[in-house]
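The next block holds one structure in the form of structure tokens; read it before the comments.
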Amino acid sequence: MPPFEHPLLDWWAEDYDHVFIAFNPFFRVPGYTPQTAAYGPIHANRGDFDDIGELIDNPPVRENEAPEGFEIRIKERGQPVRWDEVQRDIGASDFNTFARTAWLWTLEAKRPDIDRVMAASLDGLAHYGLYPPEEDTLPVVMEPIIHRYLTALGIDDVTIWSEFRDASEEIDVAEFSRTNPPVRLEEHFVSAISCDDPKILIAWAHDGVEAFVAMPDAVRRAAPPERFFEGRYAGIDTHVDWLNPHDFFARKTSRTS
């Protein structure tokens, strides 16, 4: 993934003309709530442990952990929920504030720029079955959407990649369909999907709640990603941490501005 200081379009300019930021959906699973079936990473505070080894050897345990095979239930029965729908449900007027709050709420981050009223409203929706977007990786509930998108592009096979690109595997696009088990890459999370013909990259960043769909102009024309995913196109000054304030890190000026 591009470093924080480089605009997305500049970083990928030699290979791709456009980057679409596809939001990982919120989702519901009929019959379950985060209170009855907790799903996703446990956000542990390192300060609560004497050393990182203790955290690794004795990870936190949730009493309400989702049942075995829950990811299969998500893929078979999960219902994606759009960010703008959640925004309306909690009465948030400004999307950027809502999106930053939803991201920080998902990561359980303690930052002063989280809107506490919105976060409390998201807690309320979770009580009634709303799961937060998955973070860092290919979301299970998003796989059928990716299947429809890649199929529309006429792609039969893609390569899936681990976070550090040290493991990869070529798979049939049909594996993303709702009728197949969740896609896995040995013991790694799937953090990127690529194809060389047509050229396309779908990648997830660490601590992110979105996919970055990088494509040449011909791919955008063949199957506009906004037909399949909720999101927005990156502009000339959009960075991988697009939900952070622009001055959160030192930035490089876009060469295309």
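The values are calculated or read from the model by the stated rules, or taken from the named source; none is laboratory data. Since this is a predicted model, take the numbers as computed values, not measurements. All Cβ positions, even for glycine, are placed from backbone atoms using ideal geometry, and neighbour counts span all protein chains on display.
The table that follows gives values for the structure above.
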| read-out | value |
| --- | --- |
| Subset of the stretch 6-46 (residues that are at pLDDT below 95 and at positive phi) | GLY40 |
| Output for the stretch 66-118, where each listed residue is at positive phi and touching a residue at least 40 places away in the same chain (Cβ under 8 Å) | GLU108 |
| Complete set of residues in the stretch 205-254 that are of a type in the set (Asp, Glu), touching a residue at least 12 places away in the same chain (Cβ under 8 Å) and over 19 Å from TRP12 (Cα atoms) | ASP207, GLU226, GLU230 |
| Single match in THR106, THR97 (criterion: farther than 15 Å from PRO25 by Cα and not in a loop (DSSP other than H, G, I, E, B)) | THR97 |
| Leading residue by the ranking (nearest to ALA102 (Cα to Cα)) among those in the stretch 150-185 that are in contact with a Pro (Cβ under 8 Å, 6 or more places away or on another chain), part of a loop (DSSP other than H, G, I, E, B) and among the hydrophobic types (A, V, I, L, M, F, W, C) | LEU153 |
